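Novice: Dropping the structure in here first, questions after.
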Amino acid sequence: MAFDTHFNSLLIRPDILNRFEFKSLFGSSNPVELELGSGDGSFMLQYAALHPETNFLAVERLLGRLRKVDRKGNRLGLRNVRGLRMEAAYLMEWMLPPECLTGLHIYFPDPWPKKRHLRRRLVNDFFAVLAGRALVPGGRIHCRTDDLDYFNQMTRVFDSAAGFVRGVEPLGLLEVKTDFEVSFNAQGISTLHGTWIRLKEANEEVNSTGGEQVMA
């Protein structure tokens, strides 16, 4: 697929009628991790700098925030980061080829707390199907929120989804925080976090612990 980028920019404008070819996008076959709702990149840019062996795609709906990702990423000299303006639901269903991601990060998505708005939440049963299709076997989905009801929904969705089992975060991941998370924690608001592993087969079992809620 073709990608349109500005000179020396990390932002991409892909052909939305075809699925990604990440080797063409990044110029390498390194593993790819994706963050949905990356904001101004406070998590993604830190984590990408720590892991130059992995490629990262930051997805955000607001262009102003993505431009910050672009400026900061270029200033840091990060060649393993790209930014994309797109709705997360469309991206997950139509842009990702099967088994293309080793990691999927969803941090502090809009909790839509009103009962009539719950259907707008990103993480639901259909999202788990899409995540299972996009992740490689052994790939992980990492979720964080400060909303207990939404965390309980995330836990129910992935605990009951075929092909997922609870896991633990990679070493050092929880120490890399979003700007929102730093602010919440400073106010005494705890981070609820969970990680789930995509199995090779829906009935496969592994020994793993995690997905717990913690005070951060």
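Coordinate-derived values only; no laboratory data. Predicted model only: the values in this text are computed from it and were never measured. Cβ sites come from the backbone with ideal geometry, for glycine too, and all protein chains shown count toward neighbours.
Novice: Within the range 14-36, count every residue that is of a type outside the set (A, V, I, L, M, F, W, C), outside any loop (DSSP other than H, G, I, E, B) and touching a residue at least 40 places away in the same chain (Cβ under 8 Å).
Specialist: So the count comes out to 3.
Novice: Across the range 60-93, what is the total count of residues that are buried (at least 16 other Cβ atoms within 10 Å of the Cβ), in contact (Cβ under 8 Å) with a residue 60 or more places away in the chain and in a helix (DSSP H, G or I)?
Specialist: 2
Novice: In the range 74-112, which residues are among the aromatic types (F, W, Y) and out of contact with any Ser or Thr (no Cβ under 8 Å at 6 or more places or on another chain)?
Specialist: Y90, W94, W112
Novice: Looking at (1) surrounded by 22 or more Cβ atoms within 10 Å (Cβ to Cβ); (2) part of a helix (DSSP H, G or I), which is the one condition that is false for L57?
Specialist: (2)
Novice: Residues that are within 22 Å of E60 (Cβ to Cβ): list the strands (runs of 3 or more DSSP E) wholly contained in the range 94-169 that include at least 3 such residues.
Specialist: So the answer is 101-107, 135-145.
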